[in-house]
Amino acid sequence: MTVQQKGATATSPTLEVVDLHVAFDTRRGRIQAVNGVSFSLRAGERLGIVGESGSGKSVTAQAAVQLIPSPGRITRGDIRLKGRSIPGLSRRELQSLRGSELAMIFQDPMTSLNPVYTVGHQLTEAIRLHQRIDKAAARRYAAELLASVHIPQPESRLSSYPHQFSGGMRQRVMIAIALANNPAVLIADEPTTALDVTTQKQILALLDELCRAHGTAVVFITHDLGVVAEFCDRVVVMYGGQVMETAPTSELFRSPQHPYTLGLLESLPHAHGEELTPIPGELPDPRRLPEGCIFHPRCRYSEARCRQERPALRSLQPGHEVACHRAEEVAGYQQQDAQPSTSASDRGGSKTPVLEVRELVKHYPLGRTGAFVSAVEGVSFTLYRGETLALVGESGSGKTTTAMTTLRLTDPTSGEVAFEGNDIFALRGRALRTFRHGAQVVFQDPYSSLDPRMNVRDLISEPMVIQGDGTRQERDDRAAELLELVGLQVADGARFPHQFSGGQRQRIAIARALALHPTLLVCDEPVSALDVSVQAQILNLLRRLQRELELSYLFIAHDLSVVRYIADRVAVMYLGKIVELGSKEEIFEDPKHPYTQALLSASPVPNPDAERDPITLGGEIPSPVDPPPGCRFHTRCPLAEEVCRKQEPPLRQLSDGQLVACHLAEE
Amino acid sequence: MTRANLVRTARFLGRRMLGLLLVMWLVATLVFVILRLIPGDPVQIISGIDVVDPAVLDELRAELGLDEPLLVQYLRWLAKLATGDLGVSIRSQTPVTELIGKALPVTLELALFAFLIGLLISVPAGAAASRRKGKLTDALITSSALVGISLPSYVLALVAIYWFAVKWQLLPSGGYVSPTVDLLENLRMMILPAVTLGLITAGTLVRMLRRNLIDQLGEDYVRSARARGAGENLVFYGHVMRNALIPYVTIAGIEAGILLSGAVITESIFAIPGLGRLMVTNIYDRDYPVVQGAVFVVAGMYVLVNFLVDLLYSWLDPRVSLS
């Protein structure tokens, strides 16, 4: 298999999308998912398409391979690959194009492989669909491909089934399949969104290596501005099915010209601690798109013309296009100076403990085999009144189990949890009810955590009904008060969850959690299901509520930028243990544990000019059924020594108060 | 197959055999208990109310072993079962094993034909309906399947007899000849009852398979296969079908079990001397040893079919391991 450059000459674009329109005709009306999108991709170039949900970015990609889900169809426009019009191709021509000239990988590697066939079967299928070689040769080439995506023992792994691979490994297999026939263009639709950050970093590095080696052009679709900043040469920003702005990556981040791009960048959580500037309002309803400029209802630059006239894409500078009537003014705008920050000490930061967790252990037995999942292994921390302690870690780190145990939603294997001085596992009757008043929870997914058959007033009142608090009238009054507190209208109480957007639902969930006047709120990934522009609204709300009500937050998150914004102190977890605990400043500016350092380095930063630490963790998170002896991190640690393999490092205090569990950490 | 796999498979089979024995023991116990739970004196009921002579009743009681303590009766029942002895029919004085030995092959043949017809109809029909979802073909197949499910078997049987046997005189209206005696006649006699049962079985299976196939067609791996250039036939037969067959096999197993336990009504209408008819006649005759034996054999069939379904399942789905 020789590597040949399939890209066309430098002058003509490899992939060209011209005035693309895609519509879904449904019973409840037409959804114009893509509305006049144009862009082009040169050979070997990496183009990012960024947008929030409903922006039409995925549908645009699906249109390029003619795999738009029914009833969607292209109503106008063209997509050309090296000059050939794709919508005009016959079915047979399309099939020979897909996977050879134009390949695609998708978001969820867990479901993108057929579970009943081996990885080798699916790889050789991809090869033999486009290359006339026999089975044995295809299998040899498949093993080479697995090796090229850095899967160990590629020969024997060909006979493995998808369920025997981790998520990151499956995405490697998907990449191997996509690149099997050396395509000119690879379309990657949120390829790392379902993965942990350290795995994401590995996959991005792999894509970078392979696409560079083969000269493959990439269309990278994502909602994550940080990933775009790291991976792409040029960015298209989409909103409501239209292109808002196109520019080279560094220019877009440095001097955005569209108010939406500016708003997205400003609403990203940052380190400085001041209020975030969210984009006001909600994402548009695709069935009722606004007249004129589609963004005008949420735009602070909006004027009469914007409400009537849709702005065309135009260039203020070569290579930088923007669809805004007032782009000149936006371009001249300097991003706001930081407002005075409120650090932990300013915000009271009292030393009254609310929650004290001591040597918490939680094992889940596996059948009667005697084996168990070591989900949490000796976790200790204290949460003080009015502060936010973030539990950070990748999947399987035990952060959610820890939080659920501190709420007594599950019983620990051993260890103690004291809430306001009382052992919560010893509570009975009245005392237990007092605890339930004091500690409440907000879950990740506002779509499934609210009963769709209850109206909002009943949802918010339910905790009071369960606890037998107040009369009907008092409960309704409290519900109304809570609705206003979280920024909704009293009249919203009569409506049902499906009538609200994701951000509004999360407000409802927060109002419900506050109904019983808690002092502790456990927030389990409360913003990770939300779009960036809405996420900032909820983060601001949580901050304001903490200030006004003196709440303590146990905040679980995997997104370090969110943690950096909201937390006072941070506990980093790995495989059921806290490896490092310290103030936000200590953890982010002077991390002592190699895992914390790697996690920070893997977390994408929305600044293409940022200096990056070159730490990339190898391997995978080991199974919590059979955790490594000694330091649990030693199998992936770049610094590991003999002592790390044998002896478990205790969580020890450094002179500045920071806690770290590492033999090698220096003061 | 590697040596380790072989060992694992052997160990699995061994464990499943033990499981089968356990289930059969439970069935045997249940059959024993149910007979003893009949209200009143079983001997009186078996003899009929006109028999009042205590000596006659005692004689029958002794003959059935009902005069002994319950535990002794139970152990004796198990001991006889273990040697393959199901007792002797009260009416005909023939061993129950002999009666079942005659009826079982008949039911097996009928069930096999009916099941094959069910499979041969449901797989292509389910495939066609799912690939043309929402189109006329789909509507026709789905509604015919609904008719198949909702139509009682005797209606279908009687309609079939009226047209094929009475009106056009193409096929016999009933009866049974062993295939070893006259194969052609045997097949002619089997056609109507097998098709009747097969159509009804197909009704359930078609709907099931269509639903599975449609669900599978929406899965991410289908999109991935299309994106690498797989044609629709490869996507459908090479990827979707096997996944859709996994739940289908479970339902097909249950249907096979129903067919093997003897189609009581169909066998009666077509005068076929199978297990179903054997059971019904002997329930009327209160010939409990026969009923007992037949129930035991039917239960055994169910267990065996389930075992086969499990084997098939682990072959279709690599995520289900034999251990």
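Taking the options A:Ala661, A:Ala610, name whichever one is in contact (Cβ under 8 Å) with a residue 12 or more places away in the chain and either in contact with a helix residue (DSSP H, G or I) (Cβ under 8 Å, 6 or more places away or on another chain) or β-branched (Val, Ile, Thr) (or both).
None of the others qualify; the one that does is A:Ala610.
What do you reckon, is B:Leu81 touching a residue at least 60 places away in the same chain (Cβ under 8 Å), surrounded by 13 or more Cβ atoms within 10 Å (Cβ to Cβ) and in a loop (DSSP other than H, G, I, E, B)?
So B:Leu81 does not fit the description; no.
Can you pull out every residue in region B:38-57 that is part of a loop (DSSP other than H, G, I, E, B) and either closer than 19 Å to B:Arg91 by Cα or modelled with pLDDT of 75 or more (or both)? Step through it out loud before you land on a result.
Narrowing region B:38-57 to residues part of a loop (DSSP other than H, G, I, E, B): B:38-41, B:48-53.
Once the filter is applied, which keeps residues that are part of a loop (DSSP other than H, G, I, E, B) and either closer than 19 Å to B:Arg91 by Cα or modelled with pLDDT of 75 or more (or both), region B:38-57 yields B:Asp41, B:Gly48, B:Ile49, B:Asp50, B:Val51, B:Val52, B:Asp53.
What pairs come up if the first residue lies in region B:213-241 and is more than 8 Å from chain A (Cβ to nearest Cβ), the second is outside any helix (DSSP H, G or I), and their beta carbons are under 7 Å apart, counting only those six or more places apart or on different chains?
B:Ile214/B:Lys133
Could you pull out the residue among B:Ile100, B:Ile141, B:Ile117 that is β-branched (Val, Ile, Thr), closer than 19 Å to B:Ala299 by Cβ and either surrounded by 13 or more Cβ atoms within 10 Å (Cβ to Cβ) or modelled with pLDDT under 95 (or both)?
B:Ile100
Hey, does region A:85-99 have a residue that's among the acidic types (Asp, Glu) and under 28 Å from A:Thr192 (Cβ atoms)?
no
Identify, from the list B:Leu278, B:Leu245, B:Leu259, the residue that is touching a residue at least 60 places away in the same chain (Cβ under 8 Å) and at the interface with chain A (Cβ under 10 Å from one of its Cβ atoms).
Result of the check over B:Leu278, B:Leu245, B:Leu259: B:Leu245.
Within 14 Å of chain A (Cβ to nearest Cβ) and in contact with a helix residue (DSSP H, G or I) (Cβ under 8 Å, 6 or more places away or on another chain), is that true of B:Asp310?
No.
Confirm whether B:Leu110 is under 30 Å from B:Ala271 (Cα atoms), within 25 Å of the chain's Cα centre (by Cα), surrounded by fewer than 22 Cβ atoms within 10 Å (Cβ to Cβ) and of a type outside the set (Gly, Ala, Ser).
Considered against the rule, which asks whether it is under 30 Å from B:Ala271 (Cα atoms), within 25 Å of the chain's Cα centre (by Cα), surrounded by fewer than 22 Cβ atoms within 10 Å (Cβ to Cβ) and of a type outside the set (Gly, Ala, Ser), B:Leu110 comes out as no.
I'd like the full set of residues that are of a type in the set (Phe, Trp, Tyr) and within 27 Å of A:Leu541 (Cβ to Cβ), limited to region A:361-417.
Residues satisfying the conditions are A:Phe381, A:Tyr384.
Please report, ordered by residue number, the helices (runs of 4 or more DSSP H) entirely within region B:220-323 with at least 3 residues that are under 30 Å from A:Pro191 (Cβ atoms). Quick ask: steps written out before the conclusion?
On the way: elements: B:220-227, B:241-260, B:264-269, B:275-284, B:288-316.
Helices (runs of 4 or more DSSP H) meeting the threshold: B:220-227, B:241-260.
Restricting region B:153-209 to residues that are exposed (fewer than 13 other Cβ atoms within 10 Å of the Cβ) and of a type in the set (D, E, K, R), which is farthest from B:Val249 (Cα to Cα)?
Checked region B:153-209; the qualifying residue farthest from B:Val249 (Cα to Cα) is B:Lys167.
Hey, among A:Thr192, A:Thr199, which residue is touching a strand residue (DSSP E or B) at 6+ places or on another chain (Cβ under 9 Å), surrounded by 22 or more Cβ atoms within 10 Å (Cβ to Cβ), more than 13 Å from chain B (Cβ to nearest Cβ) and modelled with pLDDT under 95?
Unique residue meeting the criteria: A:Thr192.
Could you tell me whether any residue of region A:618-635 is part of a loop (DSSP other than H, G, I, E, B), under 30 Å from A:Leu262 (Cα atoms) and acidic (Asp, Glu)?
First, pick out the residues of region A:618-635 that are part of a loop (DSSP other than H, G, I, E, B): A:618-635.
Adding the requirement that they be under 30 Å from A:Leu262 (Cα atoms) leaves none.
Looking for residues that are part of a loop (DSSP other than H, G, I, E, B), under 30 Å from A:Leu262 (Cα atoms) and acidic (Asp, Glu), one finds none in region A:618-635, hence no.
Residues of region A:586-602 being buried (at least 21 other Cβ atoms within 10 Å of the Cβ) and in a loop (DSSP other than H, G, I, E, B), which ones?
A:Pro591, A:Lys592, A:His593
Of all residues in region A:400-426, which are crowded, with 17+ Cβ neighbours inside 10 Å and of a type in the set (D, E, K, R)?
If the condition is that a residue be crowded, with 17+ Cβ neighbours inside 10 Å and of a type in the set (D, E, K, R), then A:Arg408, A:Glu420 are the ones that fit.
Is there a residue being in contact with an Asp or Glu (Cβ under 6 Å, 6 or more places away or on another chain), part of a loop (DSSP other than H, G, I, E, B), outside the structural domain of A:Ala176 (by TED's automatic domain parsing) and touching a residue at least 60 places away in the same chain (Cβ under 8 Å) anywhere in region A:232-253?
Checked against the condition, which is being in contact with an Asp or Glu (Cβ under 6 Å, 6 or more places away or on another chain), part of a loop (DSSP other than H, G, I, E, B), outside the structural domain of A:Ala176 (by TED's automatic domain parsing) and touching a residue at least 60 places away in the same chain (Cβ under 8 Å), region A:232-253 yields at least one hit.
In region A:48-132, which helices (runs of 4 or more DSSP H) lie fully inside it and hold 1 or more residues that are more than 8 Å from chain B (Cβ to nearest Cβ) and surrounded by 21 or more Cβ atoms within 10 Å (Cβ to Cβ)? Give the steps one after another, and end with the answer.
Values: elements: A:57-64, A:91-97, A:119-130.
Per the criteria, A:57-64, A:119-130.
The values are calculated or read from the model by the stated rules, or taken from the named source; none is laboratory data. Predicted model, so just to flag it, every value in this text is computed and none were measured. As a convention, Cβ positions derive from the backbone with ideal geometry for all residues, glycine included, and neighbour counts pool all protein chains shown.
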